[in-house]
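Below: one structure, written as structure tokens.
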Amino acid sequence: MALFISIAGCHTKNRSEEIKNYAYQEKTVTVSEKMHGKAGAWVEEGTVCYGLVVLVNEEGTIQRGLPVKSKVIVISPDSIKMKSMENISLSPVKGCKKMGLQKGEIWWETQGELFKTKEEAEAHLRAKGWLQQ
């Protein structure tokens, strides 16, 4: 019985020492230079901004698109995990299977096309000739 208490006491002391010496280090993840150049330094986890929902035909050509209010959930070096904060529905295009996003849907943004305002996102789509009217 005495031996058991002695071992438990030594084990507890070592564990206390381990906890005392534990140092928390916060991991900061930043996007790659390529993504940073497109998305911008203002993009951080928790940021509310606008992404793009686009319809792509069978040949891979973008047909039209709309901005979608979204929130940055997670940043990794080569993509940004986004969550839609609204429903967006695009007009049907032959050869396109998915016609929009529902509020709460999550996707990984790999192109870095994020905008601070809806107006900026619409201007980008308009300049490309993709803005759905």
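Every read-out reported here was derived from the displayed coordinates using simple, explicitly stated rules and does not represent laboratory data. In this text, all values refer to a predicted model and were calculated from it rather than measured experimentally. Every residue, glycine as well, gets a Cβ built from its backbone with ideal geometry; the counts of neighbours run over all protein chains shown.
A compact table of results
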| quantity | calculated |
| --- | --- |
| Radius 13 Å from Cβ of K83, net charge of other residues (Lys, Arg +1; Asp, Glu -1) | 0 |
| Dipole moment magnitude, nearest 20 debye, the stretch 33-128 about Cα centre, only Lys, Arg, Asp, Glu C-beta charged | 300 |
| Phi to ³J(HN,Hα) by Karplus 6.51 cos²θ - 1.76 cosθ + 1.60 over the stretch 119-129, Hz, x for Gly, Pro | 4, 4, 5, 5, 4, 4, 4, 4, 4, 7, x |
| Placed amide H near T47: partners under 5 Å, 5+ positions off or other chain | V72 |
| 3J(HN,Hα) from dihedral phi, the stretch 107-116, Karplus parametrisation 6.51/-1.76/1.60, rounded to Hz, x for glycine, proline | 8, 9, 7, 10, 8, x, 8, 10, 9, 5 |
| Of K83/K128; K83/K116; K81/K103; K71/K128, those spanning more than 21 Å from alpha-carbon to alpha-carbon | K83/K128; K71/K128 |
| Amide H within-cut-off set for G100, under 5 Å, with H built and near neighbours excluded | L90 |
| Separation of the K71 and M99 label points, Cα + 7 Å toward Cβ, nm | 2.8 |
| For V68, residues with placed amide H under 5 Å, excluding near neighbours | G51, L52, V53 |
| Most positive-pole-ward Cα, Q111, S84, A39, against dipole of the stretch 33-128 from beta carbon charges | S84 |
| Local net charge near Q63, Cβ-Cβ under 12 Å (Lys/Arg +1, Asp/Glu -1) | +1 |
